[in-house]
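*Asks:* Please see the structure below; I have some questions.
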Amino acid sequence: MARYAVGLLLLIGGVWAASGIHRGRSGVSTLNDAVAANDSVSGRKTFSFRLTGDPETLDWNRAHTTMETFILMNLMEGLVSFDSKLKVVPALAKSWTKSEDNRTYTFKLREGVKWQDGVPLKAQDFVYSWKRLLSPTTGASYAYLLFDIEGAEFFNKGTLRDFNEVGIKALNESTFQVRLTRPVAHWIQIPTFWVTFPLRQDVVDRHGSGWARPGRMVTLGPYTLESYELDSKVVMKANPNYYAGKVAIDEAVGKIVADDATALRMFESGQFDFLTEISGFDIERLRKTPAFRTYPYLKTQYLGLLVDQYPMTSVKFRRALAMAIDKKKFPLVLSGGQKAASSFVPPGVLGYSASLGLPYDPVAAKSELAASGVITRAGLKLKILSRNNDKAKAVSEIIQAELKKNLGLDVSIDQFDHKSYRAQMDLFTYPMFEATWAADYPDAENFLSMFKTRSGNNRPRYRNAQYDEQIEQAKGLESAIAREKIYVSLQKQLIEEQAAILPLYYDTNIALVSSRVSGVELNPLNYLELRRASLR
């Protein structure tokens with residue numbers, strides 16, 4: 001969330017001034033080597049990993065980008081979590097029950113769980129967090145995840161003011177209960193996601209909007225937030241009060257390095273233990289090394305089209321763009337095991353279909369362009385919003401070349417760092433943008449509900465009442481076959497008929513892992529889990 005970037009800048013500016021750290025061209029501290037040497041002398045077990053940009057916020061009710069994932073999933077936990085096979089298992093809740101009508105979930109909290117300051121976890125901490133997530137004043141992008149709860153959507157809209165009428169209750173200090181408006185097939189997956197993690201009201205009341213800063217944030221996961229230096233690093237330290245026991249790694253440091261080549265050099269010189277987001281130019285060479293790892297990833301790269309902004313207001317123009325891009329080129333150029341995309345829902349998730357999508361057909365694309373009513377002779381200029389890393393640049397350049405070759409369109413590419421890119425997305429200033437969606441939970445609803453009219457993640461500003469209704473209908477069906485039929489139909493509408501988005505490719509998670517590391521887990525949701533990790 002960009003609205004908290006200024007507060008962090010003021011805080012971290014003070015840290016920089018006190019430490020004397022200076023930044024070079026890459027934004028990496030020149031003290032990295034000295035820090036590594038000091039760690040060796042001190043005997044601390046420090047695990048270092050890469051962040052490609054600054055987190056927009058560490059306020060887990062508001063966080064909504066991949067930059068927060070590695071941090072938040074090690075600072076906090078939810079009622080439930082996923083095991084290695086993405087099965088829902090107990091976490092802060094030791095157990096739960098579901099009513100006969102499948103609408104009421106009752107969670108019994110695990111005994112002995114304490115926040116880092118020794119305060120016991122209470123059911124009220126979940127009530128406060130979920131109320132804050134839904135509050136209109138919070139402006140959380142993911143508030144809609146709780147809309148299946150009685151009264152939740154009305155509270156978020158501001159038409160229901162009494163939160164006591166929302167189906168979120170603390171029955172006592174160790175029992176948390178949720179009442180849904182109707183049965184929802186995938187609902188137990190929702191409390192795995194960070195926006196639903198518990199939050200202490202006394203901490204927020206004491207520090208206001210600055211509660212998520214180092215020295216103020218209070219967590220209960222395997223790590224605590226030690227420090228954050230803007231454009232440099234985020235430091236987490238082992239939580240001695242972690243209910244499952246102190247972890248083996250004393251300190252985890254996320255170093256912020258935007259440039260892929262710089263990050264690779266740092267790994268090869270021992271300054272990283274774990275490195276993701278590797279340039280396609282280096283993959284073939286690195287594939288032969290012992291450090292190379294490939295992890296499954298439920299992630300779809302897509303081209304988004306802002307349907308209410310000219311010239312994307314023309315369905316035929318959007319369809320012309322979609323049919324003019326040969327998606328098979330992306331895996332060939334990126335070389336990381338990617339696969340050309342058909343549906344928006346990726347393989348391995350209910351709702352995936354290999355038969356969806358408009359075909360690559362330059363002749364048909366030209367026909368759609370001619371019938372679109374969009375005049376290209378008058379010097380129509382198009383821009384793609386993209387991020388400033390090697391992979392995003394390569395993807396944008398393929399799109400640029402394809403549209404020029406097959407439709408004669410002049411397209412320029414505007415690249416931004418992560419924070420500026422997200423700000424541009426929030427402002428809806430670009431009618432064409434390159435984006436990704438990685439699963440928050442492994443269900444098609446997570447991919448397709450983002451295009452509902454009131455979704456905070458609806459970047460193309462797609463609006464279709466029938467689409468919204470069918471998403472809601474599918475949620476309540478017990479039959480997986482019936483749900484899948486609806487999800488495929490919705491994607492046909494979204495991708496083929498309306499062409500609001502163009503799925504480009506399904507991604508993989510490629511990483512380099514130091515030989516001294518064991519037990520590190522990177523699951524298909526891109527959760528880097530360090531609780532079972534150790535260093536040799």
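*Asks:* Name the pairs: first residue in the range 257-279 and over 17 Å from Asp417 (Cα atoms), second residue among the acidic types (Asp, Glu), Cβ to Cβ under 7 Å, at least 6 apart or on different chains?
*Replies:* Leu264/Asp282
*Asks:* Same structure, new question: Here are some residues: Phe107, Phe176, Phe155. Which one is part of a helix (DSSP H, G or I) and at pLDDT 95 or above?
*Replies:* One residue alone meets the criteria, Phe155.
*Asks:* Every residue in the range 308-366 that is free of Cβ contacts under 8 Å to residues at least 24 places away in the same chain and assigned to a helix (DSSP H, G or I), please.
*Replies:* Leu332, Val363
*Asks:* Given the criteria without any contact (Cβ under 8 Å) to a residue 60 or more places away in the chain and either surrounded by fewer than 21 Cβ atoms within 10 Å (Cβ to Cβ) or part of a loop (DSSP other than H, G, I, E, B) (or both), does Gly221 qualify?
*Replies:* It is false that Gly221 is without any contact (Cβ under 8 Å) to a residue 60 or more places away in the chain and either surrounded by fewer than 21 Cβ atoms within 10 Å (Cβ to Cβ) or part of a loop (DSSP other than H, G, I, E, B) (or both).
*Asks:* Looking only at residues in the range 415-454 that are in a helix (DSSP H, G or I) and aliphatic (A, V, I, L, M), which one is surrounded by the fewest Cβ atoms within 10 Å (Cβ to Cβ)? Before you say what the answer is, go through the steps one by one.
*Replies:* Going through the range 415-454, the residues in a helix (DSSP H, G or I) turn out to be 418-427, 444-451.
Now narrow it down to the ones that are aliphatic (A, V, I, L, M): 423, 425, 427, 444, 448, 450.
On the way: Ala423: 16, Met425: 19, Leu427: 9, Ala444: 26, Leu448: 24, Met450: 21.
Taking the candidates together, the pick is Leu427.
*Asks:* Which condition does Ser141 not pass, out of (1) modelled with pLDDT under 95; (2) outside any helix (DSSP H, G or I); (3) farther than 24 Å from Pro524 by Cα, if it passes all the others?
*Replies:* Among (1) modelled with pLDDT under 95; (2) outside any helix (DSSP H, G or I); (3) farther than 24 Å from Pro524 by Cα, Ser141 violates only (3).
*Asks:* Which one is surrounded by the fewest Cβ atoms within 10 Å (Cβ to Cβ), of the residues in the range 238-253 that are among the hydrophobic types (A, V, I, L, M, F, W, C) and part of a loop (DSSP other than H, G, I, E, B)?
*Replies:* Ala244
*Asks:* Sort out which residues of the range 460-500 are at pLDDT below 95 and among the charged types (D, E, K, R), and write them in order of number.
*Replies:* Glu472, Lys475, Glu478
*Asks:* Residue pairs, Cβ under 6 Å, 6 or more apart or interchain, first in the range 127-146 and at positive phi, second of a type in the set (D, E, K, R) and part of a helix (DSSP H, G or I). List them.
*Replies:* Sorted first by the residue in the range 127-146, then by its partner, the list stays empty.
*Asks:* Out of Ala499, Ala474, which single residue is crowded, with 21+ Cβ neighbours inside 10 Å, over 23 Å from the mean Cα position of the chain (by Cα) and either in a helix (DSSP H, G or I) or on the phi < 0 side of the Ramachandran plot (or both)?
*Replies:* None of the other options fit; the residue is Ala474.
*Asks:* Looking only at the range 450-484, which residues are under 24 Å from Ala140 (Cα atoms), of a type in the set (Gly, Ala, Ser) and touching a residue at least 60 places away in the same chain (Cβ under 8 Å)?
*Replies:* If the condition is that a residue be under 24 Å from Ala140 (Cα atoms), of a type in the set (Gly, Ala, Ser) and touching a residue at least 60 places away in the same chain (Cβ under 8 Å), then Ser455, Gly456 are the ones that fit.
*Asks:* Could you tell me which residue of the range 392-414 is surrounded by the fewest Cβ atoms within 10 Å (Cβ to Cβ), considering only residues that are free of Cβ contacts under 8 Å to residues at least 40 places away in the same chain and among the polar types (S, T, N, Q)?
*Replies:* So, considering only residues that are free of Cβ contacts under 8 Å to residues at least 40 places away in the same chain and among the polar types (S, T, N, Q), the one surrounded by the fewest Cβ atoms within 10 Å (Cβ to Cβ) is Ser412.
*Asks:* While we're on this one: Would you point out the residue of the range 268-282, among those that are of a type outside the set (S, T, N, Q) and closer than 25 Å to Pro331 by Cα, that is nearest to the chain's Cα centre (by Cα)?
*Replies:* Here is the first cut: in the range 268-282, the residues of a type outside the set (S, T, N, Q) are 268, 270, 272-275, 277-278, 280-282.
So of that shortlist, the ones also closer than 25 Å to Pro331 by Cα come out as 274-275, 277-278, 280-282.
Values: Phe274: 19, Leu275: 18, Glu277: 14, Ile278: 18, Gly280: 22, Phe281: 25, Asp282: 25 Å.
Among those that are of a type outside the set (S, T, N, Q) and closer than 25 Å to Pro331 by Cα, it is Glu277.
*Asks:* Is there a residue in the range 124-136 that is in a loop (DSSP other than H, G, I, E, B), farther than 28 Å from Ala423 by Cα and either out of contact with any strand residue (DSSP E or B) (no Cβ under 8 Å at 6 or more places or on another chain) or not assigned by TED's automatic domain parsing to the domain that holds Tyr421 (or both)?
*Replies:* Within the range 124-136, none of the residues are in a loop (DSSP other than H, G, I, E, B), farther than 28 Å from Ala423 by Cα and either out of contact with any strand residue (DSSP E or B) (no Cβ under 8 Å at 6 or more places or on another chain) or not assigned by TED's automatic domain parsing to the domain that holds Tyr421 (or both).
*Asks:* A further question follows. So which residues in the range 509-519 are part of a loop (DSSP other than H, G, I, E, B), out of contact with any Pro (no Cβ under 7 Å at 6 or more places or on another chain) and either under 25 Å from Phe330 (Cα atoms) or among the hydroxyl-bearing types (Ser, Thr, Tyr) (or both), if there are any at all? Outline the logic, then answer.
*Replies:* Going through the range 509-519, the residues part of a loop (DSSP other than H, G, I, E, B) turn out to be 514-516, 519.
Now drop any that are not out of contact with any Pro (no Cβ under 7 Å at 6 or more places or on another chain), which leaves 514, 516, 519.
Residue satisfying the conditions is Ser514 alone.
The values are calculated or read from the model by the stated rules, or taken from the named source; none is laboratory data. Here the structure is a predicted model, which means the values were calculated and not measured. Note that each Cβ is placed from the backbone with ideal geometry, even for glycine, and that neighbours are counted across all protein chains shown.
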